[in-house]
Amino acid sequence: MSEQQPESHDRDFGDFAGPDEFDQIVAEESDRDPDLAVIEAGSRTLRAQAGPPQGDPVPARPTDPEVAKALLEVEQELATRWGETKLEPSVSRIAALMDVLGEPQRAYPSIHVTGTNGKTSTARMIEALLNAFELRTGRYTSPHVQSVTERISLDGAPISAERFVETYHDVKPYVEMVDAAEEYRLSFFEVLTGMAYAAFADAPVDAAVVEVGMGGTWDATNVIDGAVAVVTPISLDHTDRLGTTPGEIALEKGGIIKQGATVILAQQPVDAAQVLLKKAVEVDATVAREGMEFGVVSREVAVGGQQLTLRGVGGEYGGIFLPLYGAHMANNAAVALAAVEAFFGIGQEGARVLDADTVRKAFASVSSPGRMEVVRRSPTVVLDAAHNPAGAAAAAAAVTESFGFSRLIGVVGASDGKDVRGVFEAFEPIFAEVVVTENSSHRAMTADELAAVAVEVFGPDRVQVEPRLDDALEAAITLAEEEAEYGGAGVLVTGSVITVGEARLLLKRG
(Lines give C-alpha, C1' and ligand atoms only; values in the text may rest on other atoms or scores of the structure.)
Protein backbone atom coordinates (compact mmCIF):
# COMPACT_ATOMS: atom_id res chain seq x y z
CA MET A 1 0.00 0.00 0.00
CA SER A 2 1.31 3.46 -0.80
CA GLU A 3 2.71 5.67 1.93
CA GLN A 4 -0.03 6.99 4.17
CA GLN A 5 -0.68 10.69 4.62
CA PRO A 6 -2.78 12.41 7.29
CA GLU A 7 -4.67 14.25 4.56
CA SER A 8 -5.54 13.38 1.00
CA HIS A 9 -4.94 15.89 -1.78
CA ASP A 10 -6.45 13.98 -4.65
CA ARG A 11 -6.70 15.69 -8.00
CA ASP A 12 -8.22 14.66 -11.29
CA PHE A 13 -5.61 14.40 -14.00
CA GLY A 14 -7.91 16.29 -16.34
CA ASP A 15 -8.42 16.02 -20.07
CA PHE A 16 -5.72 16.95 -22.52
CA ALA A 17 -6.26 19.38 -25.32
CA GLY A 18 -6.20 18.04 -28.82
CA PRO A 19 -2.91 17.49 -30.65
CA ASP A 20 -3.39 20.53 -32.88
CA GLU A 21 -3.68 22.87 -29.91
CA PHE A 22 -0.73 21.29 -28.13
CA ASP A 23 1.47 21.44 -31.23
CA GLN A 24 0.54 25.08 -31.76
CA ILE A 25 1.58 25.98 -28.22
CA VAL A 26 4.82 24.06 -28.54
CA ALA A 27 5.51 25.87 -31.83
CA GLU A 28 4.98 29.20 -30.07
CA GLU A 29 7.65 28.19 -27.57
CA SER A 30 10.13 26.93 -30.18
CA ASP A 31 12.27 30.04 -30.06
CA ARG A 32 13.14 29.32 -26.45
CA ASP A 33 16.01 26.99 -25.66
CA PRO A 34 14.41 24.18 -23.64
CA ASP A 35 17.52 24.09 -21.48
CA LEU A 36 16.74 27.64 -20.37
CA ALA A 37 13.04 27.40 -19.65
CA VAL A 38 10.76 24.38 -19.77
CA ILE A 39 7.95 24.77 -22.25
CA GLU A 40 4.68 25.93 -20.76
CA ALA A 41 2.59 23.99 -23.24
CA GLY A 42 1.66 21.28 -20.78
CA SER A 43 0.34 23.55 -18.08
CA ARG A 44 -1.90 25.23 -20.63
CA THR A 45 -3.27 22.09 -22.27
CA LEU A 46 -4.54 20.45 -19.10
CA ARG A 47 -7.92 21.52 -17.80
CA ALA A 48 -8.02 23.67 -14.68
CA GLN A 49 -7.06 21.91 -11.48
CA ALA A 50 -6.04 23.05 -8.02
CA GLY A 51 -3.56 25.91 -8.11
CA PRO A 52 0.07 25.61 -7.08
CA PRO A 53 0.62 24.63 -3.46
CA GLN A 54 1.49 27.26 -0.93
CA GLY A 55 5.19 27.79 -0.58
CA ASP A 56 6.13 25.99 -3.80
CA PRO A 57 9.88 26.60 -4.10
CA VAL A 58 9.72 26.56 -7.89
CA PRO A 59 8.66 29.91 -9.37
CA ALA A 60 5.98 30.12 -12.03
CA ARG A 61 6.36 32.28 -15.10
CA PRO A 62 5.78 35.98 -14.34
CA THR A 63 2.14 37.06 -14.49
CA ASP A 64 3.04 40.61 -15.50
CA PRO A 65 3.22 40.57 -19.34
CA GLU A 66 6.03 43.14 -19.42
CA VAL A 67 8.15 41.21 -16.94
CA ALA A 68 7.45 37.95 -18.76
CA LYS A 69 8.51 39.56 -22.04
CA ALA A 70 11.71 40.96 -20.50
CA LEU A 71 12.62 37.57 -18.99
CA LEU A 72 11.96 35.82 -22.30
CA GLU A 73 14.25 38.31 -24.08
CA VAL A 74 17.04 37.57 -21.61
CA GLU A 75 16.53 33.83 -22.04
CA GLN A 76 16.69 34.22 -25.80
CA GLU A 77 19.92 36.20 -25.57
CA LEU A 78 21.44 33.59 -23.27
CA ALA A 79 20.33 30.87 -25.69
CA THR A 80 22.62 32.29 -28.38
CA ARG A 81 25.62 31.28 -26.28
CA TRP A 82 27.24 27.90 -25.86
CA GLY A 83 24.95 25.59 -23.92
CA GLU A 84 25.98 23.71 -20.81
CA THR A 85 27.06 20.65 -22.77
CA LYS A 86 29.55 22.53 -24.96
CA LEU A 87 32.64 23.31 -22.96
CA GLU A 88 36.15 24.66 -23.38
CA PRO A 89 38.04 23.55 -20.26
CA SER A 90 39.29 26.86 -18.93
CA VAL A 91 38.38 29.42 -16.29
CA SER A 92 40.10 32.25 -18.17
CA ARG A 93 36.88 33.82 -19.45
CA ILE A 94 35.03 33.74 -16.13
CA ALA A 95 38.17 35.03 -14.38
CA ALA A 96 38.29 37.91 -16.85
CA LEU A 97 34.63 38.67 -16.15
CA MET A 98 35.23 38.64 -12.41
CA ASP A 99 38.15 41.03 -12.91
CA VAL A 100 36.11 43.64 -14.78
CA LEU A 101 33.24 43.25 -12.30
CA GLY A 102 35.58 43.99 -9.39
CA GLU A 103 35.91 40.42 -8.04
CA PRO A 104 32.41 40.15 -6.51
CA GLN A 105 32.98 36.50 -5.61
CA ARG A 106 35.48 37.57 -2.94
CA ALA A 107 32.96 39.73 -1.09
CA TYR A 108 31.63 36.80 0.98
CA PRO A 109 32.77 33.38 2.25
CA SER A 110 31.65 30.38 0.22
CA ILE A 111 30.81 26.71 0.57
CA HIS A 112 31.61 24.96 -2.72
CA VAL A 113 29.75 21.74 -3.58
CA THR A 114 30.79 19.17 -6.17
CA GLY A 115 30.14 15.45 -6.73
CA THR A 116 28.06 13.34 -9.12
CA ASN A 117 24.74 12.93 -7.31
CA GLY A 118 23.06 14.84 -4.51
CA LYS A 119 24.69 18.24 -5.08
CA THR A 120 21.52 20.32 -5.35
CA SER A 121 19.74 18.66 -2.42
CA THR A 122 22.86 19.01 -0.26
CA ALA A 123 23.24 22.66 -1.26
CA ARG A 124 19.59 23.30 -0.32
CA MET A 125 20.13 21.71 3.10
CA ILE A 126 23.28 23.77 3.70
CA GLU A 127 21.36 26.89 2.74
CA ALA A 128 18.50 26.03 5.11
CA LEU A 129 20.91 25.53 8.01
CA LEU A 130 22.72 28.82 7.38
CA ASN A 131 19.38 30.64 7.08
CA ALA A 132 18.22 29.11 10.37
CA PHE A 133 21.32 30.55 12.03
CA GLU A 134 20.28 33.98 10.72
CA LEU A 135 22.84 34.31 7.96
CA ARG A 136 21.83 35.89 4.69
CA THR A 137 22.62 33.38 1.96
CA GLY A 138 23.07 33.18 -1.76
CA ARG A 139 22.68 29.80 -3.46
CA TYR A 140 23.71 28.96 -7.01
CA THR A 141 22.59 25.58 -8.35
CA SER A 142 22.01 23.92 -11.71
CA PRO A 143 20.22 22.80 -13.76
CA HIS A 144 16.81 24.29 -13.04
CA VAL A 145 13.59 22.32 -12.81
CA GLN A 146 11.21 24.81 -14.43
CA SER A 147 12.54 28.37 -14.47
CA VAL A 148 16.06 29.66 -15.04
CA THR A 149 15.54 32.05 -12.11
CA GLU A 150 15.69 29.03 -9.75
CA ARG A 151 19.45 28.89 -10.24
CA ILE A 152 20.13 32.05 -8.25
CA SER A 153 18.56 32.22 -4.78
CA LEU A 154 18.75 34.76 -1.97
CA ASP A 155 17.69 33.83 1.57
CA GLY A 156 16.30 30.51 0.43
CA ALA A 157 14.10 31.77 -2.41
CA PRO A 158 14.78 32.16 -6.14
CA ILE A 159 15.37 35.75 -7.14
CA SER A 160 12.41 37.41 -8.79
CA ALA A 161 12.15 37.58 -12.56
CA GLU A 162 12.54 41.35 -12.29
CA ARG A 163 15.77 41.03 -10.34
CA PHE A 164 17.07 38.36 -12.68
CA VAL A 165 16.52 40.67 -15.65
CA GLU A 166 18.10 43.63 -13.82
CA THR A 167 21.14 41.57 -12.88
CA TYR A 168 21.58 40.42 -16.47
CA HIS A 169 21.49 43.98 -17.78
CA ASP A 170 23.89 45.11 -15.03
CA VAL A 171 26.55 42.60 -16.10
CA LYS A 172 25.83 42.61 -19.83
CA PRO A 173 28.26 45.47 -20.74
CA TYR A 174 31.06 43.69 -18.90
CA VAL A 175 30.16 40.38 -20.54
CA GLU A 176 30.44 42.05 -23.94
CA MET A 177 33.85 43.47 -22.99
CA VAL A 178 35.12 39.99 -22.17
CA ASP A 179 33.50 38.51 -25.29
CA ALA A 180 35.42 41.00 -27.43
CA ALA A 181 38.75 40.20 -25.77
CA GLU A 182 38.57 36.40 -25.59
CA GLU A 183 38.91 33.74 -28.27
CA TYR A 184 35.46 32.38 -27.39
CA ARG A 185 32.42 34.20 -26.06
CA LEU A 186 31.35 33.52 -22.51
CA SER A 187 29.03 30.52 -22.36
CA PHE A 188 25.48 30.41 -21.03
CA PHE A 189 26.71 28.90 -17.77
CA GLU A 190 29.58 31.36 -17.42
CA VAL A 191 27.26 34.35 -17.80
CA LEU A 192 24.84 32.91 -15.24
CA THR A 193 27.73 32.28 -12.85
CA GLY A 194 28.84 35.89 -13.21
CA MET A 195 25.27 37.03 -12.58
CA ALA A 196 25.03 34.92 -9.43
CA TYR A 197 28.29 36.19 -7.97
CA ALA A 198 27.32 39.79 -8.76
CA ALA A 199 23.84 39.36 -7.26
CA PHE A 200 25.32 37.89 -4.08
CA ALA A 201 27.72 40.81 -3.68
CA ASP A 202 24.97 43.32 -4.37
CA ALA A 203 22.56 41.79 -1.82
CA PRO A 204 24.95 41.49 0.09
CA VAL A 205 25.04 37.94 1.44
CA ASP A 206 26.83 36.60 4.50
CA ALA A 207 27.64 33.31 2.80
CA ALA A 208 27.30 31.72 -0.64
CA VAL A 209 26.49 28.08 -1.33
CA VAL A 210 27.76 27.28 -4.80
CA GLU A 211 27.16 24.06 -6.76
CA VAL A 212 29.57 23.29 -9.59
CA GLY A 213 28.08 22.84 -13.04
CA MET A 214 30.35 20.01 -14.13
CA GLY A 215 33.59 18.68 -12.75
CA GLY A 216 35.54 21.11 -10.61
CA THR A 217 38.96 22.31 -11.74
CA TRP A 218 37.80 24.13 -14.86
CA ASP A 219 34.18 24.65 -13.89
CA ALA A 220 33.09 28.28 -14.18
CA THR A 221 32.22 28.39 -10.48
CA ASN A 222 35.82 27.63 -9.52
CA VAL A 223 36.91 31.24 -9.21
CA ILE A 224 35.76 31.30 -5.58
CA ASP A 225 37.95 30.38 -2.65
CA GLY A 226 35.60 28.02 -0.85
CA ALA A 227 36.63 27.83 2.79
CA VAL A 228 34.57 24.62 2.87
CA ALA A 229 34.66 22.19 -0.07
CA VAL A 230 31.96 19.51 -0.18
CA VAL A 231 32.23 16.39 -2.34
CA THR A 232 29.01 14.39 -2.61
CA PRO A 233 29.17 10.77 -3.84
CA ILE A 234 31.13 10.32 -7.06
CA SER A 235 30.00 7.85 -9.70
CA LEU A 236 30.17 7.54 -13.47
CA ASP A 237 28.56 10.39 -15.39
CA HIS A 238 29.83 12.75 -18.12
CA THR A 239 32.54 10.16 -18.74
CA ASP A 240 33.38 11.69 -22.11
CA ARG A 241 34.59 14.83 -20.32
CA LEU A 242 35.52 13.87 -16.76
CA GLY A 243 37.01 10.38 -16.98
CA THR A 244 35.97 6.75 -17.16
CA THR A 245 36.60 5.73 -13.53
CA PRO A 246 35.56 7.29 -10.21
CA GLY A 247 39.23 8.00 -9.53
CA GLU A 248 39.67 9.94 -12.78
CA ILE A 249 36.48 11.88 -12.14
CA ALA A 250 37.61 12.63 -8.57
CA LEU A 251 40.83 14.13 -9.92
CA GLU A 252 38.77 16.72 -11.79
CA LYS A 253 36.28 17.34 -8.99
CA GLY A 254 39.04 17.68 -6.41
CA GLY A 255 40.04 20.89 -8.15
CA ILE A 256 37.66 22.83 -5.89
CA ILE A 257 39.73 21.95 -2.82
CA LYS A 258 41.71 25.08 -2.01
CA GLN A 259 44.73 25.73 0.15
CA GLY A 260 43.89 25.35 3.84
CA ALA A 261 40.21 24.59 3.22
CA THR A 262 38.05 22.12 5.13
CA VAL A 263 36.88 19.21 2.97
CA ILE A 264 33.64 17.36 3.72
CA LEU A 265 33.69 14.00 1.96
CA ALA A 266 30.59 11.89 1.48
CA GLN A 267 31.20 8.16 1.24
CA GLN A 268 33.19 7.52 -1.94
CA PRO A 269 34.46 4.63 -4.04
CA VAL A 270 37.94 3.66 -2.84
CA ASP A 271 39.81 5.05 -5.86
CA ALA A 272 37.91 8.36 -5.66
CA ALA A 273 38.59 8.67 -1.91
CA GLN A 274 42.30 8.08 -2.46
CA VAL A 275 42.51 10.83 -5.07
CA LEU A 276 40.57 13.32 -2.94
CA LEU A 277 42.58 12.60 0.21
CA LYS A 278 45.84 13.00 -1.72
CA LYS A 279 44.64 16.37 -3.01
CA ALA A 280 43.74 17.45 0.52
CA VAL A 281 47.23 16.60 1.75
CA GLU A 282 48.82 18.54 -1.12
CA VAL A 283 46.98 21.75 -0.19
CA ASP A 284 47.09 21.25 3.60
CA ALA A 285 43.31 20.92 3.82
CA THR A 286 41.46 19.46 6.82
CA VAL A 287 39.25 16.46 5.98
CA ALA A 288 36.06 15.12 7.56
CA ARG A 289 34.81 11.81 6.14
CA GLU A 290 31.30 10.41 6.23
CA GLY A 291 31.30 7.22 8.23
CA MET A 292 34.37 8.31 10.17
CA GLU A 293 34.19 11.85 11.54
CA PHE A 294 30.46 12.30 10.86
CA GLY A 295 27.49 10.36 9.53
CA VAL A 296 23.98 9.00 9.99
CA VAL A 297 23.55 7.35 13.41
CA SER A 298 20.00 6.14 12.84
CA ARG A 299 17.04 6.71 10.57
CA GLU A 300 13.41 5.63 10.51
CA VAL A 301 10.80 6.06 7.82
CA ALA A 302 8.18 8.60 8.90
CA VAL A 303 5.04 10.04 7.36
CA GLY A 304 6.20 12.56 4.77
CA GLY A 305 9.89 11.77 5.13
CA GLN A 306 12.18 10.29 7.76
CA GLN A 307 13.34 10.72 11.36
CA LEU A 308 17.11 10.99 11.84
CA THR A 309 19.86 11.06 14.37
CA LEU A 310 22.99 12.58 12.86
CA ARG A 311 26.53 12.72 14.15
CA GLY A 312 28.31 15.89 13.18
CA VAL A 313 31.98 16.69 13.54
CA GLY A 314 31.17 18.35 16.88
CA GLY A 315 28.58 16.03 18.37
CA GLU A 316 25.27 14.20 17.97
CA TYR A 317 21.93 15.69 16.93
CA GLY A 318 18.76 13.66 17.50
CA GLY A 319 15.09 14.13 16.77
CA ILE A 320 15.61 15.50 13.25
CA PHE A 321 12.66 15.28 10.87
CA LEU A 322 13.69 15.46 7.22
CA PRO A 323 10.73 15.82 4.82
CA LEU A 324 12.58 13.99 2.03
CA TYR A 325 12.66 10.32 1.16
CA GLY A 326 15.47 7.79 0.96
CA ALA A 327 18.73 6.81 2.62
CA HIS A 328 20.62 8.97 0.15
CA MET A 329 18.80 12.05 1.44
CA ALA A 330 19.76 11.15 5.01
CA ASN A 331 23.38 10.90 3.86
CA ASN A 332 23.05 14.28 2.14
CA ALA A 333 21.74 15.72 5.41
CA ALA A 334 24.78 14.42 7.31
CA VAL A 335 27.09 15.97 4.72
CA ALA A 336 25.24 19.29 4.88
CA LEU A 337 25.37 19.36 8.68
CA ALA A 338 29.12 18.67 8.71
CA ALA A 339 29.67 21.39 6.10
CA VAL A 340 27.85 24.00 8.19
CA GLU A 341 29.69 22.92 11.34
CA ALA A 342 32.96 23.35 9.44
CA PHE A 343 31.83 26.75 8.19
CA PHE A 344 31.33 27.84 11.81
CA GLY A 345 34.69 26.35 12.87
CA ILE A 346 33.23 23.47 14.86
CA GLY A 347 35.49 20.45 15.04
CA GLN A 348 38.63 22.56 15.07
CA GLU A 349 38.15 24.38 18.35
CA GLY A 350 37.17 21.93 21.03
CA ALA A 351 33.89 20.07 21.52
CA ARG A 352 31.28 22.59 20.39
CA VAL A 353 28.00 21.81 18.68
CA LEU A 354 25.37 23.84 16.87
CA ASP A 355 22.12 24.63 18.65
CA ALA A 356 20.11 21.41 18.23
CA ASP A 357 16.69 23.08 18.07
CA THR A 358 17.87 25.37 15.28
CA VAL A 359 19.26 22.39 13.37
CA ARG A 360 15.93 20.56 13.72
CA LYS A 361 14.00 23.61 12.55
CA ALA A 362 16.26 23.96 9.51
CA PHE A 363 16.00 20.36 8.34
CA ALA A 364 12.22 20.32 8.85
CA SER A 365 11.96 23.22 6.37
CA VAL A 366 13.97 21.63 3.56
CA SER A 367 12.49 20.96 0.14
CA SER A 368 14.12 19.63 -3.00
CA PRO A 369 11.86 19.97 -6.06
CA GLY A 370 12.07 17.12 -8.52
CA ARG A 371 13.89 14.85 -6.07
CA MET A 372 11.57 12.10 -4.79
CA GLU A 373 8.80 14.72 -4.92
CA VAL A 374 5.17 13.64 -4.61
CA VAL A 375 3.06 15.84 -6.90
CA ARG A 376 -0.21 13.94 -7.08
CA ARG A 377 -2.34 11.36 -5.28
CA SER A 378 -4.73 8.62 -6.49
CA PRO A 379 -2.62 7.33 -8.03
CA THR A 380 0.50 8.70 -6.40
CA VAL A 381 2.89 10.34 -8.87
CA VAL A 382 6.50 10.83 -7.78
CA LEU A 383 9.11 12.87 -9.65
CA ASP A 384 12.82 12.13 -9.41
CA ALA A 385 15.56 13.61 -11.58
CA ALA A 386 17.80 10.52 -11.52
CA HIS A 387 19.74 10.45 -14.79
CA ASN A 388 22.58 7.99 -14.17
CA PRO A 389 22.73 4.45 -12.76
CA ALA A 390 23.82 5.50 -9.27
CA GLY A 391 21.03 8.06 -9.03
CA ALA A 392 18.52 5.54 -10.35
CA ALA A 393 19.61 2.94 -7.80
CA ALA A 394 19.16 5.48 -4.98
CA ALA A 395 15.72 6.44 -6.29
CA ALA A 396 14.66 2.81 -6.63
CA ALA A 397 15.71 2.08 -3.05
CA ALA A 398 13.90 5.18 -1.77
CA VAL A 399 10.66 4.30 -3.57
CA THR A 400 10.79 0.75 -2.29
CA GLU A 401 11.41 1.86 1.28
CA SER A 402 9.03 4.80 1.51
CA PHE A 403 6.10 3.72 -0.67
CA GLY A 404 4.61 0.25 -0.56
CA PHE A 405 3.47 0.30 -4.17
CA SER A 406 1.90 -2.95 -5.31
CA ARG A 407 2.21 -1.74 -8.91
CA LEU A 408 4.62 0.96 -10.06
CA ILE A 409 4.69 2.37 -13.59
CA GLY A 410 7.77 4.21 -14.78
CA VAL A 411 7.84 7.18 -17.16
CA VAL A 412 11.36 7.68 -18.48
CA GLY A 413 12.71 10.42 -20.73
CA ALA A 414 16.49 10.78 -20.97
CA SER A 415 19.14 12.92 -22.58
CA ASP A 416 21.32 11.59 -25.37
CA GLY A 417 24.67 10.18 -24.28
CA LYS A 418 23.48 8.94 -20.88
CA ASP A 419 23.87 5.36 -19.64
CA VAL A 420 20.19 4.58 -20.10
CA ARG A 421 20.78 0.84 -19.92
CA GLY A 422 22.22 1.26 -16.44
CA VAL A 423 19.26 3.43 -15.46
CA PHE A 424 16.76 0.88 -16.77
CA GLU A 425 18.57 -1.98 -15.04
CA ALA A 426 18.35 -0.13 -11.72
CA PHE A 427 14.59 0.36 -12.13
CA GLU A 428 13.73 -3.01 -13.69
CA PRO A 429 13.03 -4.79 -10.36
CA ILE A 430 10.50 -2.16 -9.26
CA PHE A 431 8.73 -1.16 -12.50
CA ALA A 432 5.78 -3.32 -13.51
CA GLU A 433 5.83 -1.51 -16.84
CA VAL A 434 7.72 1.45 -18.29
CA VAL A 435 6.46 4.16 -20.63
CA VAL A 436 9.34 5.67 -22.59
CA THR A 437 9.02 9.21 -23.85
CA GLU A 438 11.06 12.29 -24.69
CA ASN A 439 11.26 15.83 -23.38
CA SER A 440 11.45 19.05 -25.39
CA SER A 441 15.23 19.46 -25.21
CA HIS A 442 17.26 19.28 -28.38
CA ARG A 443 19.47 16.87 -26.41
CA ALA A 444 16.64 14.43 -25.71
CA MET A 445 17.05 10.82 -26.73
CA THR A 446 14.17 9.89 -29.00
CA ALA A 447 11.46 7.66 -27.61
CA ASP A 448 12.23 5.01 -30.22
CA GLU A 449 15.94 4.97 -29.31
CA LEU A 450 15.04 4.72 -25.64
CA ALA A 451 12.53 1.97 -26.35
CA ALA A 452 15.14 -0.15 -28.12
CA VAL A 453 17.20 -0.24 -24.93
CA ALA A 454 14.17 -0.63 -22.66
CA VAL A 455 12.94 -3.68 -24.56
CA GLU A 456 16.30 -5.38 -24.03
CA VAL A 457 16.01 -4.84 -20.27
CA PHE A 458 12.25 -5.22 -19.63
CA GLY A 459 11.09 -7.31 -22.58
CA PRO A 460 8.61 -6.05 -25.18
CA ASP A 461 5.48 -6.74 -23.13
CA ARG A 462 6.50 -4.29 -20.38
CA VAL A 463 7.43 -1.34 -22.62
CA GLN A 464 5.08 1.27 -24.05
CA VAL A 465 6.23 4.08 -26.35
CA GLU A 466 4.65 7.54 -26.14
CA PRO A 467 6.85 10.22 -27.73
CA ARG A 468 4.82 13.08 -26.25
CA LEU A 469 5.26 13.53 -22.52
CA ASP A 470 1.62 14.45 -21.93
CA ASP A 471 0.55 11.21 -23.61
CA ALA A 472 3.15 9.28 -21.61
CA LEU A 473 1.83 10.63 -18.31
CA GLU A 474 -1.75 9.86 -19.28
CA ALA A 475 -0.78 6.33 -20.34
CA ALA A 476 1.16 5.68 -17.12
CA ILE A 477 -1.66 6.95 -14.93
CA THR A 478 -4.13 4.79 -16.84
CA LEU A 479 -1.90 1.75 -16.34
CA ALA A 480 -1.56 2.52 -12.65
CA GLU A 481 -5.30 3.00 -12.23
CA GLU A 482 -5.88 -0.54 -13.42
CA GLU A 483 -5.28 -1.44 -9.78
CA ALA A 484 -6.81 1.73 -8.36
CA GLU A 485 -9.39 -0.19 -6.36
CA TYR A 486 -6.57 -1.71 -4.33
CA GLY A 487 -5.02 1.70 -3.57
CA GLY A 488 -1.48 0.52 -4.18
CA ALA A 489 -0.58 1.90 -7.60
CA GLY A 490 1.95 4.61 -8.38
CA VAL A 491 3.88 6.36 -11.13
CA LEU A 492 7.54 7.42 -11.05
CA VAL A 493 8.65 10.02 -13.60
CA THR A 494 12.41 10.05 -14.04
CA GLY A 495 15.43 10.05 -16.36
CA SER A 496 16.23 13.75 -16.65
CA VAL A 497 15.80 17.05 -14.81
CA ILE A 498 14.15 18.41 -17.96
CA THR A 499 11.66 15.53 -18.12
CA VAL A 500 10.82 16.03 -14.46
CA GLY A 501 10.42 19.78 -14.89
CA GLU A 502 8.06 19.39 -17.82
CA ALA A 503 6.05 16.72 -15.99
CA ARG A 504 5.79 19.07 -13.02
CA LEU A 505 4.22 21.67 -15.29
CA LEU A 506 1.92 19.15 -16.93
CA LEU A 507 0.69 18.05 -13.52
CA LYS A 508 0.09 21.68 -12.55
CA ARG A 509 2.61 21.61 -9.74
CA GLY A 510 4.31 24.83 -10.74
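The values are calculated or read from the model by the stated rules, or taken from the named source; none is laboratory data. Nothing here was measured: the structure is a model prediction, and the numbers come from that model. Cβ sites come from the backbone with ideal geometry, for glycine too, and all protein chains shown count toward neighbours.
Numbers for the structure displayed
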quantity	calculated
Residue count for region 117-136, restricted to those that are more than 13 Å from Ser368 (Cα to Cα) and surrounded by fewer than 24 Cβ atoms within 10 Å (Cβ to Cβ)	6
Residue list for region 56-76, restricted to those being loosely packed, with under 15 Cβ neighbours inside 10 Å and either in a helix (DSSP H, G or I) or assigned by TED's automatic domain parsing to the domain that holds Glu502 (or both)	Pro65, Glu66, Ala68, Lys69, Glu73, Gln76
Filter result for the condition that a residue is in the same structural domain as Ile152 (by TED's automatic domain parsing) and part of a helix (DSSP H, G or I), over Gln274, Gln267, Gln259	Gln274
Complete set of residues in region 326-341 that are more than 13 Å from Val297 (Cα to Cα), touching a strand residue (DSSP E or B) at 6+ places or on another chain (Cβ under 7 Å) and of a type in the set (Gly, Ala, Ser)	Ala338, Ala339
Residue ID - farthest from Pro389 (Cα to Cα), chosen from residues in region 445-494 that are part of a loop (DSSP other than H, G, I, E, B) and of a type in the set (Gly, Ala, Ser)	Gly487
Selection count, region 362-391, where residues are among the aliphatic types (A, V, I, L, M), modelled with pLDDT under 95 and in a helix (DSSP H, G or I)	1
Selection status of Gly319, touching a residue at least 60 places away in the same chain (Cβ under 8 Å) and surrounded by fewer than 23 Cβ atoms within 10 Å (Cβ to Cβ)	no
Residue match in region 221-229 (condition: in the same structural domain as Glu150 (by TED's automatic domain parsing) and not in a loop (DSSP other than H, G, I, E, B))	yes
Test result for Asp357, surrounded by fewer than 21 Cβ atoms within 10 Å (Cβ to Cβ), acidic (Asp, Glu) and either at pLDDT 95 or above or not assigned by TED's automatic domain parsing to the domain that holds Ile126 (or both)	yes
Filter result for the condition that a residue is in contact with a Lys or Arg (Cβ under 6 Å, 6 or more places away or on another chain), of a type in the set (Asp, Glu) and modelled with pLDDT of 95 or more, over Asp206, Asp225, Asp202	Asp206
Flag for Ala250 being of a type in the set (Gly, Ala, Ser), in contact with a strand residue (DSSP E or B) (Cβ under 7 Å, 6 or more places away or on another chain) and assigned to a helix (DSSP H, G or I)	no
Unmet criterion (only one of (1) over 21 Å from the mean Cα position of the chain (by Cα); (2) at pLDDT 95 or above; (3) closer than 30 Å to Ala96 by Cβ; (4) not in a loop (DSSP other than H, G, I, E, B)) for Gly295	(3)
Matching residues, region 377-394, being surrounded by fewer than 24 Cβ atoms within 10 Å (Cβ to Cβ) and farther than 16 Å from Lys119 by Cβ	Arg377, Ser378, Thr380, Pro389, Ala393
Checklist (1) at pLDDT below 95; (2) part of a helix (DSSP H, G or I); (3) not β-branched (Val, Ile, Thr) applied to Gly347, failing item	(2)
Residue list for region 407-442, restricted to those being part of a loop (DSSP other than H, G, I, E, B), among the small types (Gly, Ala, Ser) and modelled with pLDDT of 90 or more	Gly413, Ala414, Ala432
Selection within region 99-115 - buried (at least 19 other Cβ atoms within 10 Å of the Cβ) and outside any helix (DSSP H, G or I)	Tyr108, Ser110, Ile111, His112, Val113, Thr114, Gly115
Per-region count, region 297-312, residues of a type in the set (A, V, I, L, M, F, W, C) and crowded, with 21+ Cβ neighbours inside 10 Å	2
Residue match in region 445-467 (condition: in contact with a Gly (Cβ under 7 Å, 6 or more places away or on another chain) and hydrophobic (A, V, I, L, M, F, W, C))	no
Every residue from region 395-433 that is closer than 24 Å to Thr446 by Cα, surrounded by 19 or more Cβ atoms within 10 Å (Cβ to Cβ) and among the β-branched types (Val, Ile, Thr)	Ile409, Val411, Val412, Val420, Val423
